[in-house]
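The next block holds one structure in the form of structure tokens; read it before the comments.
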Amino acid sequence: MSPHRILVILVILVIVTILGSAGVVSSRAASVTLIWTAPGQDSLVGRAARYDLRYSTQMIMPQNFLPAVEAPDLPLPAAPGTVQSCVLDGLPSGVVCYFAIKTVDQAGNWSAMSNVIACVPRATPALAPALLTPEDGAMGVATVPTLVWQASSGATSYRLQVGRTPVFGSPLMNHGGIVGTSFTFGALANDSTYYWRVQASGEGGSSAWSIVRSFRTLTETLMAPAATALLTPEDGATGVATVPTLVWQASGGATSYRLQVGRTPVFGSLLMDHGGIVGTSFTFGALANDSTYYWRVQASGEGGSSAWSIVRSFRTLTETLMAPAATVLLTPEDGATGVATGPTLAWQASGGATSYRLQVGRTPEFGSPLVDQGGIVGTSYAVSSLASDSTYYWRVQASGEDGSSAWSSVSSFRTVAGTASRSLPGLSFSVPRPNPARDLSLFECTLPEAAQVRVEVFDLAGRRMRLLADEPCAAGPRELVFDLRDDRGRQLAAGVYLVRAQVGRTPFMCRLVIVH
């Protein structure tokens, strides 16, 4: 009996198993697993040389075997009688596919085509999402809440239901087609309990509903800030610097501001859309010379966001003037040791500078600076609450009417050692991530030995917003998740916050920016 004929008898597809799509070629793709029994080179003796597996959405016959799609990355033939398999990805979901295989021996003799297997690949339905915030049973939730859930594998959209009862007989909201993992809506009634759940949908269908959560709204509605008034540049101003400083009036109750700058007064294509500004001015650029720009500002607070300010315009100068030169750092000297934990940093005045920006960090790259203070009108700045026996890096940038300088050279200093705050070897407390944060932020702490851990979050006015932890912890790694809410469960407004940690006798401090 020839090898060719032996291969026809032994190469048989026996099982087709449909697998769910998981990171396949496209959102409409699915996968199948094909299993067969390996033949020999000659009957059950020796090994075949290789396989040729093909598939098509049309019935495969010997005359159209070669035009079918060739499967990639097939295994080499194993010993005769061995069960072998391969996974084919990127198949069209919901469409009948046909599969057949041939083998060739070492002499180049091909078998006849195997039996044909047909199946309909289908993508796996998305998994039910997990709800994140508000936490189940949360109190004091805003009447215009943002509901947040975890992304579900395979999901392309989500459906949100909110009701007054956990059975959702007549939901107040039944909103589908949500492409993100959060949704803001309202206004809800004060001092009322609501229930919510989320369902994920994808190419493979819809998931089961998530576990139901409830929350209760605050007892009184806080008022949003009033719209702010723009100050400088004046409306229609000309000859404005290409690195301008835009200034507006403080709005009562505002904790942060959002600035938009565009080339048209309808702001269709924005050059800048920057939120979380905690002051009443912002410097940016460089803009084009001899060009008109439009700008507006929105105030945000615990009670929500204001209407936009009245739009103003300005025109930049026709030629770019020289920005100030980089400044020179004076004290502490580079590499200084024994520096106080509340030092005053000083630098040299730069010609043409009207203000300075200071950055202080734990690394010379300033990836997450502990201090990033702009608008300093003098040539010194007092920094507070640095850790003892620690190295810090700092630099300064000068700004004037004609733009900003390059950064100064980086200097470093080490704070004075103190027995009350000396760090243990191996002790660490990470900066928050992500930072800026929109929904959640994570802190990581490593303890070389058991210690009391206390972590608090303050606003820039020094008011404590949240006590994240105050408990004894065992040695080893520890994670703290911050849901960006205060001690009453209310979502914190966009802005800058200070995180202060006391791990044993060692203090840590870092900055967290919240955006919405």
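Values for this structure:
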{"read-out": "Region 203-214: number of residues that are over 30 Å from Ser192 (Cβ atoms) and either buried (at least 19 other Cβ atoms within 10 Å of the Cβ) or modelled with pLDDT of 95 or more (or both)", "value": "2"}
{"read-out": "Among the candidates Ser281, Ser256, Ser306, residue that is touching a Leu at 6+ places or on another chain (Cβ under 9 Å) and among the polar types (S, T, N, Q)", "value": "Ser281"}
{"read-out": "Residue within region 435-451 that is surrounded by 14 or more Cβ atoms within 10 Å (Cβ to Cβ), outside the structural domain of Pro369 (by TED's automatic domain parsing), free of Cβ contacts under 8 Å to residues at least 24 places away in the same chain and farther than 21 Å from Val360 by Cβ present", "value": "no"}
{"read-out": "Some residue of region 179-187 being polar (S, T, N, Q) and either more than 21 Å from the chain's Cα centre (by Cα) or within 30 Å of Ala71 (Cα to Cα) (or both)", "value": "no"}
{"read-out": "Filtered residue count, region 427-450, keeping only those that are small (Gly, Ala, Ser) and either part of a loop (DSSP other than H, G, I, E, B) or modelled with pLDDT of 85 or more (or both)", "value": "3"}
{"read-out": "Candidates Ser21, Ser2, Ser31 - the one that is at pLDDT 65 or above, hydroxyl-bearing (Ser, Thr, Tyr) and either surrounded by 15 or more Cβ atoms within 10 Å (Cβ to Cβ) or over 14 Å from Cys119 (Cβ atoms) (or both)", "value": "Ser31"}
{"read-out": "Residue count for region 189-233, restricted to those that are part of a loop (DSSP other than H, G, I, E, B) and either farther than 23 Å from Ala254 by Cβ or of a type outside the set (A, V, I, L, M, F, W, C) (or both)", "value": "18"}
{"read-out": "Yes/no for Thr354 being within 19 Å of Phe284 (Cβ to Cβ) and β-branched (Val, Ile, Thr)", "value": "yes"}
{"read-out": "Criterion (within 17 Å of Val278 (Cβ to Cβ), surrounded by fewer than 14 Cβ atoms within 10 Å (Cβ to Cβ) and either assigned by TED's automatic domain parsing to the domain that holds Met139 or touching a residue at least 40 places away in the same chain (Cβ under 8 Å) (or both)) met by exactly one of Leu460, Leu498, Leu484, Leu512", "value": "Leu460"}
{"read-out": "Answer from Ser399, Ser408 - the residue that is touching a residue at least 12 places away in the same chain (Cβ under 8 Å) and assigned to a loop (DSSP other than H, G, I, E, B)", "value": "Ser408"}
{"read-out": "Region 268-283, residues that are surrounded by 18 or more Cβ atoms within 10 Å (Cβ to Cβ) and touching a residue at least 24 places away in the same chain (Cβ under 8 Å)", "value": "Gly275, Gly276, Thr280, Phe282"}
{"read-out": "From the options Ala323, Ala286, residue that is in a loop (DSSP other than H, G, I, E, B), closer than 30 Å to Thr379 by Cα, in contact with an Asp or Glu (Cβ under 7 Å, 6 or more places away or on another chain) and in contact (Cβ under 8 Å) with a residue 40 or more places away in the chain", "value": "Ala323"}
{"read-out": "Unique match (being in a loop (DSSP other than H, G, I, E, B) and surrounded by 15 or more Cβ atoms within 10 Å (Cβ to Cβ)) among Ser170, Ser152", "value": "Ser152"}
{"read-out": "Of residues in region 215-251 being touching a residue at least 60 places away in the same chain (Cβ under 8 Å), crowded, with 19+ Cβ neighbours inside 10 Å and among the hydroxyl-bearing types (Ser, Thr, Tyr), the one nearest to Ala398 (Cα to Cα)", "value": "Thr245"}
{"read-out": "Complete set of residues in region 234-283 that are part of a strand (DSSP E or B) and either assigned by TED's automatic domain parsing to the domain that holds Gly375 or basic (Lys, Arg) (or both)", "value": "Arg258"}
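The values are calculated or read from the model by the stated rules, or taken from the named source; none is laboratory data. Predicted model, so just to flag it, every value in this text is computed and none were measured. Note that each Cβ is placed from the backbone with ideal geometry, even for glycine, and that neighbours are counted across all protein chains shown.
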